[in-house]
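Here is the structure we will look at.
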Amino acid sequence: MNLPRLILCAIGSCFFVSQLIAAVEWQVIKINGRDFLSVDNIAKFYGFPNPIIDGKSVDLNNGKNELQFHIDSREMLLNGVRNWLSFPVFVHDGKIVVSRIDLAKTLEPQLRPNMIKHLDRVRTVVLDPGHGGFDKGAISSYGYEKDYALDLARQLRPLLQANGFRVIMTRESDVFLPLELRARIANATSDSVFVSLHFNATDRDPIAAGFEIYSLTPRGAPSTYEDGLTLASINIQNGTEADAASVELSSCIYHSLVGQVGEFDRGIKRARFAVLRLTKIPAVLIEGGFLTERGESRLIANPEWRKKLADAICTGIDNFRTLAATKKPPTLVADYRRQKSDVGTHDVNTIENPSVPATLLLDIFQPPPQIDSFQTPSPSLPNRGSSPGGRENSGATTATPTPTPEDTPRPTPEETPTPSRETPTPTPSVLSGPPEK
């Protein structure tokens, strides 16, 4: 190819890239001091067709990924499983808007897991059986949470080892272990992930049942079970470099649990439990069903059912390792269900939008400013009772008033913000937080 043609090709390529960048520019909407983006803007960036709106449901589906938002709700479906956003989706000036924090911290890692920064290889799994010793955890008529969690870890360990993982257990017997020590054990490892194993309970809803999984709440956002934004959630919690990896680890394990075991989907959630807050590697906390629900407590007491649970968790962790090593998209809940029905498997890929240069994704994230004074959040959530302690509050360290900011999408110049509307919340029984542990 001669020099003039090369020059023309270079000019054409630059023009094409500039046109693509313009096509996916973020239009950040300021509302009550916080940043939001429209669903239309999100759809354009990730290559979805126009949203389909049916009442309060907003659907995005391109055959590879599927989102369903619910207006005036923190609840959404992402690729077939429930996710809990930090802030409700709502309508502002005729646009359906999503929090910038939720875009950066929940949607992005699951829609484009191959783009996660600090997604290191995984060789070691730190298993953390909850409770122990005098701390029995939740109690059913069949037994104690501490014993079920330890047995689950003992069943999971050989499965992971058979898949080539090194396994470290924070406790191997019925002993009490402080939460800070559990996190310290995890932080002493390398090329590793941390998986804390628990079973759930509630004193407010005896029929509450199902799986849920937690990763660390982003800075500047309330935890799933919190009524609204607090000064502590704005300034105290720093977040870690493993935040995005932790969300995707949650997703990998949770899709496997719901797809293979099939208990009720309570969702991928957020919390500031001490073992999540103090752990620097990708970390999740699994709630494997309710000991306060009659039928589920009977299942949990069955060693064969716990073996099935261990199989599903192992598969999810292995999917995460494969993603970290090869960028291969993890298996989703729909694929597990197809496998169970003997229809066959189907590899579902995350969005590889050809109109979005890889470097552009990094440009939408920047640290938010330090917040020195509390601003009244909008919208707020109704009171659902006292917040949990134990895992959330134990093991706390003295926090500084100027924590390290987290990554969030970069804002663009905006007009004067207008107040957002008050928004109702989803079913309280689903939002109910875990008991004190």
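The values are calculated or read from the model by the stated rules, or taken from the named source; none is laboratory data. As the structure is a prediction and not an experimental result, all values here were calculated from the model. No Cβ is skipped: glycine too gets one built from the backbone with ideal geometry, and neighbour counts run over all protein chains shown. With ligands, DNA and RNA removed, areas are computed over all heavy atoms of the protein, side chains included. Shrake-Rupley method; radii C 1.70, N 1.55, O 1.52, S 1.80 Å.
Shape call for the range 240-351 from the C-alpha gyration tensor, a ≥ b ≥ c root eigenvalues: rounded (a/c under 1.5), prolate (a/b greater than b/c) or oblate? Please list the in-between numbers first.
Details: a/c = 2.12, a/b = 1.07, b/c = 1.99.
The shape class here is oblate.
Tell me, rounded to the nearest percent, the portion of alpha carbon pairs in the range 144-250 spaced more than 22 Å apart. So the portion of pairs separated by more than 22 Å is 47 percent.
Remark: the range 176-308 carries a charge dipole of roughly 280 debye about the Cα centre, counting +1 on each Lys and Arg Cβ and -1 on each Asp and Glu Cβ. With a/c under 1.5 counting as rounded, go ahead and sort the range 41-163 into rounded, prolate or oblate using the C-alpha gyration tensor (a ≥ b ≥ c being the square roots of the eigenvalues; past the cut-off, prolate if a/b is larger than b/c, else oblate). It is prolate, given that a/c is not under 1.5 and a/b is the larger ratio.
Of the solvent-accessible surface of the range 154-247, computed with a 1.4 Å probe over protein heavy atoms with every protein chain present, carbon and sulfur atoms account for 54 percent. Between the alpha-carbon centres of the range 275-321 and the range 69-99 there is a gap of 27 Å.
Could you tell me which of rounded, prolate or oblate describes the range 32-104, using a ≥ b ≥ c as the square roots of the eigenvalues of the alpha-carbon gyration tensor, with rounded for a/c under 1.5 and, failing that, prolate when a/b is larger than b/c and oblate otherwise? Could the numbers behind the result be given before it?
Details: a/c = 1.43, a/b = 1.31, b/c = 1.10.
Note, shape of the range 32-104 comes out rounded.
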